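Taking it in order: structure first as structure tokens, then the write-up.
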Amino acid sequence: MAVSKDKTVWFCKNCGNESTKWMGRCPACGEWNTMVESVVATGKPYRNQPARQASGNRPVHLKEIDSSAECRLSLGMGEIDRLLGGGIVRGSLVLVGGEPGIGKSTLSLQIPLFSPGLKTLYVSGEESARQVKMRADRLGGDDSNCFIFSETDMGNIIAQAESLRPDLMVVDSVQTMFSANVESSAGSVTQIKEVTSMLLHFAKVSGIPVILIGHITKDGYIAGPKILEHIVDVVLQFEGDNKGSYRILRSIKNRFGSTSELAVFEMTGKGLREVTNPSEMLIPMHEEGLSGTAICATLDGLRPFLFEVQALVSTAAYGTAQRSATGFDVRRLNMLLAVLEKRAGFKLNMKDVFLNMAGGMRISDPACDLAVVCAVLSSNFDFAIQPDICFAGEVGLSGEIRPVNQTERRVTEAARLGFKKIYISSFSSLDSGIKGIETVRVPDVPALVRTLFKG
Ligand code: TYD
Ligand code: MG
């Protein structure tokens with residue numbers, strides 16, 4: 001028998017790059033101070049065991065492989081099924097990441113409760129079976145086909161799962177699980193990697209899909225190292241402000257569907273509620289326009305939705321003006337303010353500017369620039385934009401308004417929601433007029449100011 005020999009390797013927390021020695025800067029992604037030490041047992045790791053050979057695995061002809069719809073299971077919540085590309089694929093490993101308290105355990109317990117047709121094994125390393133039961137009682141639903149297992153030893157979990165043979169397994173969370181195959185404490189890089197590859201192997205061999213929960217730290221590393229993203233099939237990330245009630249579940253990797261799709265949920269006293277039409281929740285309830293708000297027609301994945309951008313511009317109380325943005329890149333806000341100053345002559349350098357994306361949204365779509373600019377100007381002039389106007393356009397450094405992708409989808413969604421006017425770029429290639437909505441084409445910021453704030 002080979003003598004177990006441990007070796008030390010270094011992983012980059014940011015990209016998962018592996019190196020035999022410590023380096024100040026990761027050669028793969030260029031980030032500084034991201035290398036963490038980890039001990040790898042070279043004795044007999046799980047993934048090298050001859051189990052696959054014994055299972056009779058062999059190459060198969062492509063045309064013999066069954067890829068029919070049967071390979072997917074519905075999870076009982078339409079939004080999650082859609083996010084996964086039409087249900088969870090058999091034998092896949094899905095990582096759900098998010099900050100503590102955002103609702104990962106709630107969501108993963110709601111899935112078995114709302115799909116009683118699936119026999120589910122819910123493994124919790126964080127809560128006792130009784131605690132899970134209390135939570136389940138609060139969530140409601142049907143608990144007749146759900147098994148709870150409070151355990152952290154992966155060997156036992158896999159053995160129990162193999163004998164129970166559920167239709168779906170949930171493991172909460174990767175950081176609390178440990179495998180006896182490697183000698184380091186639960187939550188270390190080595191354990192996280194080993195636990196994940198054990199689950200991947202289990203999922204692939206048994207065909208049972210596994211949902212794995214991973215905490216991410218404030219700086220956005222899933223499960224500590226981002227390395228898990230390479231191992232798993234699907235990565236869903238929970239976002240949102242813990243205090244607000246909206247939660248956004250975003251697909252950031254999907255081997256079986258499109259990425260950059262999102263689903264919106266609302267945290268209620270009875271768990272997470274699906275928000276099937278996010279636009280209706282994210283646009284304001286007030287009839288009369290308020291100054292400092294502008295509606296943006298954005299897109300996530302292929303789905304357009306509208307939401308409110310809020311700005312507050314006030315005279316700086318202290319010498320230096322403050323700029324703060326929630327859900328929007330503050331550097332981009334600074335750039336847009338500089339454009340307003342340089343290209344349209346607005347003196348904003350002595351003003352505090354606060355920006356907020358409604359509903360705890362985090363936006364990176366450049367089409368929001370126009371709504372941000374309009375919200376800032378609206379607050380600055382104390383001039384309310386009519387509530388039936390929305391915006392979709394990118395603002396360039398010379399003050400030009402640039403066309404954005406999928407303009408037609410955005411305009412169609414705005415029309416569907418009853419907006420009467422949408423401001424887009426003059427250079428947009430949208431040719432046919434869309435019924436029920438007027439498209440206002442503006443070439444640059446000065447022209448926008450002339451048409452919108454002429455009153
Ligand atoms: P949880 O799912 O435990 O978060 P995570 O597993 O991501 O750490 O969510 C916990 C939060 O959700 C907690 O602050 C309480 C809140 N919550 C509700 O508002 N309603 C509910 O029905 C449940 C179960 C939780
Ligand atoms: Mg939890």
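Of the peptides 88-95, 372-379, the order by per-residue mean of other Cβ atoms within 10 Å, starting with the highest, comes out as 372-379, 88-95. Using a cutoff of 8 angstrom between alpha carbon atoms and counting only pairs six or more residues apart, the relative contact order for region 341-455 works out to 23 percent.
Residues LYS435, LYS104, LYS347, ordered by accessible area of protein heavy atoms at a 1.4 angstrom probe radius and largest first, appear as LYS435, LYS347, LYS104. Placing unit charges on the Cβ atoms only, positive for Lys and Arg and negative for Asp and Glu, gives the chain a dipole magnitude near 740 debye about its Cα centre. The order of the peptides 311-318, 393-400, 142-149 by mean Cβ neighbours within 10 Å, most packed first, is 393-400, 142-149, 311-318. Looking at the square roots a ≥ b ≥ c of the eigenvalues of the Cα gyration tensor of region 134-176, which shape do they give, rounded for a/c under 1.5, prolate if a/b is larger than b/c, or oblate? Judged from the Cα gyration tensor, region 134-176 comes out oblate (a/c at least 1.5, b/c at or above a/b). Entry comment: accessible area of the chain is 46 Å² per residue, from protein heavy atoms only and a probe of 1.4 Å. 3J(HN,Hα) couplings calculated from phi for region 74-79 with the Karplus curve 6.51 cos²θ - 1.76 cosθ + 1.60 (θ = phi - 60°) are, in sequence order, 7, 9, x, 10, x, 5 Hz; Gly and Pro show x. Accessible area of MET154 (1.4 Å probe, protein heavy atoms only, ligands and nucleic acids ignored): about 0 Å².
Summarising the amide proton neighbourhood of MET77: residues at separation of 5 or more, or on other chains, whose placed amide H is nearer than 5 Å comprise an empty set. Taking a ≥ b ≥ c as the square roots of the eigenvalues of the alpha carbon gyration tensor, region 351-455 is rounded, as a/c is under 1.5.
For region 306-370, what class follows from the C-alpha gyration tensor (a ≥ b ≥ c being the square roots of its eigenvalues): rounded when a/c is under 1.5, otherwise prolate if a/b is larger than b/c, else oblate? It comes out oblate by the Cα gyration axes. For ASP143, no residue 5 or more places off, or on another chain, has a built amide H under 5 Å of its own. Residues whose amide H falls under 5 Å from that of ILE216, counting only those 5 or more places apart or on a different chain, are GLY98, GLU99, ALA223, with hydrogens built in the peptide plane. Using just its DSSP H runs of length 4 or more, each adding -39500 (n - 2.57), the chain gives a mean residue ellipticity at 222 nm of -7500 deg cm²/dmol after division by all residues. With K and R counted +1 and D and E -1, the other residues having a Cβ less than 9 Å from that of ALA203 yield a net charge of +1. For the peptides 210-216, 155-161, 22-28, 200-206, the ranking by packing is 210-216, 200-206, 155-161, 22-28, with the highest mean count of neighbouring Cβ atoms within 10 Å listed first. Roll a 1.4 angstrom probe over the protein heavy atoms and tell me the percent of accessible area of region 117-219 that is carbon or sulfur. Roughly 51 percent, rounded to a whole number.
Only Cα pairs under 8 Å and 6+ residues apart enter the sum, and on that basis the relative contact order of the chain stands at 12 percent.
The values are calculated or read from the model by the stated rules, or taken from the named source; none is laboratory data. Just so you know, these numbers come straight off a predicted model, no measurement behind them. So basically every Cβ, Gly included, is an ideal-geometry build from the backbone, and we count neighbours across all protein chains shown. Only protein heavy atoms, including side chains, enter the accessible area calculation; ligands, DNA and RNA are left aside. Shrake-Rupley method; radii C 1.70, N 1.55, O 1.52, S 1.80 Å.
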